[in-house]
1. For residue 103, are the conditions met, namely being open to solvent by 40 Å² or more (accessible area, probe 1.4 Å), in a loop (DSSP other than H, G, I, E, B) and either hydroxyl-bearing (Ser, Thr, Tyr) or more than 22 Å from residue 197 (Cβ to Cβ) (or both)?
2. In the stretch 73-93, which residue that is open to solvent by 10 Å² or more (accessible area, probe 1.4 Å) and in a helix (DSSP H, G or I) is nearest to residue 174 (Cα to Cα)?
3. State the number of residues belonging to the stretch 8-46 that are touching a residue at least 12 places away in the same chain (Cβ under 8 Å) and in a loop (DSSP other than H, G, I, E, B).
4. Go through the stretch 306-336 and give me each residue that's at pLDDT 95 or above, crowded, with 18+ Cβ neighbours inside 10 Å and either touching an Asp or Glu at 6+ places or on another chain (Cβ under 8 Å) or at positive phi (or both).
5. Can you work out which of the residues in the stretch 171-181 that are part of a loop (DSSP other than H, G, I, E, B) and of a type in the set (Ser, Thr, Tyr) is surrounded by the most Cβ atoms within 10 Å (Cβ to Cβ)?
6. Among the residues of the stretch 52-75, is any free of Cβ contacts under 8 Å to residues at least 40 places away in the same chain and closer than 30 Å to residue 28 by Cβ?
7. If we keep just the residues of the stretch 17-32 that are open to solvent by 50 Å² or more (accessible area, probe 1.4 Å) and of a type in the set (A, V, I, L, M, F, W, C), which is nearest to the chain's Cα centre (by Cα)?
8. Taking the condition open to solvent by 40 Å² or more (accessible area, probe 1.4 Å) and aliphatic (A, V, I, L, M), does residue 194 pass?
Amino acid sequence: MVTSPLLPPLEEFQEYLRQIWDSKWITNNGSFHQQLETALAEYLKVPYVSLFTNGTLPLITALQALRITGEVITTPYSFVATTHSIWWNGIKPVFVDVEWSTGCMDPDKIEAAITPKTTAIMPVHVYGKPCNTKAIQDIADKYGLKVIYDAAHAFGVEVNGESVLNAGDLSTLSFHATKVYNTVEGGAMVMHDAKTKQRIDYLKNFGFAGETEVVGPGINSKMDEIRSAYGLLNLRQVDAAIEARHQVAIRYREALREVEGIEFWDDLPGVKHNYSYFPIFVDASKYGMTRDELYYRMREKGVYGRRYFYPLISDFSTYRGLTSAGHDNLPVATKMANSVICLPMHHALSEEDVKRVIDSVKRCC
């Protein structure tokens with residue numbers, strides 16, 4: 001399978017469940033919730049973390065918290081939740097192209113997309129590859145724009161020892177079961193100061209600032225105690241899981257480097273990667289078959305990759321009518337979407353599993 005969830009030891013989880021059952025405190029900022037926020041802030045090297053019930057709601061709430069309106073510049077090469085969060089806030093998404101070297105938003109394309117209605121930029125650290133945060137911030141500062149990073153894939157990613165989650169005004173994470181680190185379902189927002197965290201904490205609890213005071217049109221997006229306890233246990237083993245993924249990436253690179261028509265990315269200098277995905281890009285003219293032909297041949301052999309991200313968000317009917325979304329304006333993202341396969345990548349892959357994946361790519365060419 002393309003992925004497998006990181007699961008905490010059942011007996012340890014049962015002990016935490018017993019504590020929850022004894023306390024009868026199962027949601028609303030309980031003990032495990034508070035412990036997990038503190039532990040994650042320390043692990044991720046960030047000032048403040050606010051937990052959410054999934055990875056989409058912190059994106060929606062971040063836009064609310066910063067009072068973003070008008071237009072937001074974003075990427076078509078992402079999971080659709082990125083753009084959905086903009087649309088749910090009544091904001092127009094404006095798509096710009098990406099860089100072939102990372103899949104992340106191309107800073108050189110941003111300024112041409114800025115209009116008097118632009119209020120923010122929402123880049124994505126695609127596959128955990130860090131965006132060019134300095135270039136993006138320079139543009140944001142020049143035009144007075146906010147920057148919200150969709151960091152769903154970037155758990156634990158650092159650049160020169162600094163967490164990539166500290167970039168921009170806010171960053172959001174997903175703790176979905178498919179991620180490197182998961183709480184079954186879940187997510188988080190990273191912020192720089194206590195005042196912003198307090199506002200976010202109000203907004204994720206219907207806007208309540210006290211028993212009888214509502215300070216904004218909030219939503220119910222709190223993480224419960226059961227998933228918080230699960231997350232605390234998974235945090236203890238996530239480093240080992242990331243290293244296991246790293247070893248899989250090494251094997252894939254060693255075996256596929258000489259396969260003509262298959263391209264992939266090496267680690268970036270100075271970056272601590274989390275190996276959340278291993279995308280390959282198929283050049284049909286060199287490989288001898290199209291991406292889709294390889295994808296289905298692999299499935300026939302019982303190897304389940306994923307065309308992630310395909311199609312582009314801008315190709316979905318909901319967003320196809322946006323003036324900036326045509327393929328002529330998004331050549332790199334279009335090429336990437338039409339050639340990508342994410343190979344199976346998770347901590348539980350055996351040597352035999354890895355060999356089957358490699359053979360399925362090599363024998364098809």
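1. Working: open to solvent by 40 Å² or more (accessible area, probe 1.4 Å): no; in a loop (DSSP other than H, G, I, E, B): yes; either hydroxyl-bearing (Ser, Thr, Tyr) or more than 22 Å from residue 197 (Cβ to Cβ) (or both): yes.
For residue 103, the condition - open to solvent by 40 Å² or more (accessible area, probe 1.4 Å), in a loop (DSSP other than H, G, I, E, B) and either hydroxyl-bearing (Ser, Thr, Tyr) or more than 22 Å from residue 197 (Cβ to Cβ) (or both) - is not met.
2. 81
3. 10
4. Of everything in the stretch 306-336, those that are at pLDDT 95 or above, crowded, with 18+ Cβ neighbours inside 10 Å and either touching an Asp or Glu at 6+ places or on another chain (Cβ under 8 Å) or at positive phi (or both) turn out to be 330, 333.
5. Applying the first criterion (part of a loop (DSSP other than H, G, I, E, B)) to the stretch 171-181 yields 175-181.
When the remaining residues are screened for being of a type in the set (Ser, Thr, Tyr), the result is 178, 181.
Details: 178: 15, 181: 25.
The qualifying residue surrounded by the most Cβ atoms within 10 Å (Cβ to Cβ) is 181.
6. So the first thing to find is which residues in the stretch 52-75 are free of Cβ contacts under 8 Å to residues at least 40 places away in the same chain, and the list is 67.
Those still in the list that are closer than 30 Å to residue 28 by Cβ too: 67.
Yes, the stretch 52-75 contains at least one residue that is free of Cβ contacts under 8 Å to residues at least 40 places away in the same chain and closer than 30 Å to residue 28 by Cβ.
7. 26
8. On the way: open to solvent by 40 Å² or more (accessible area, probe 1.4 Å): yes; aliphatic (A, V, I, L, M): yes.
Yes: the conditions hold for residue 194.
The values are calculated or read from the model by the stated rules, or taken from the named source; none is laboratory data. Just so we're clear, the structure is a prediction, and the values are computed from it rather than from any experiment. Note: ideal-geometry Cβ built from the backbone for every residue, glycine included; neighbour counts use all protein chains shown. Heavy atoms of the whole protein, side chains included, go into the accessibility calculation; ligands, DNA and RNA do not. Shrake-Rupley method; radii C 1.70, N 1.55, O 1.52, S 1.80 Å.
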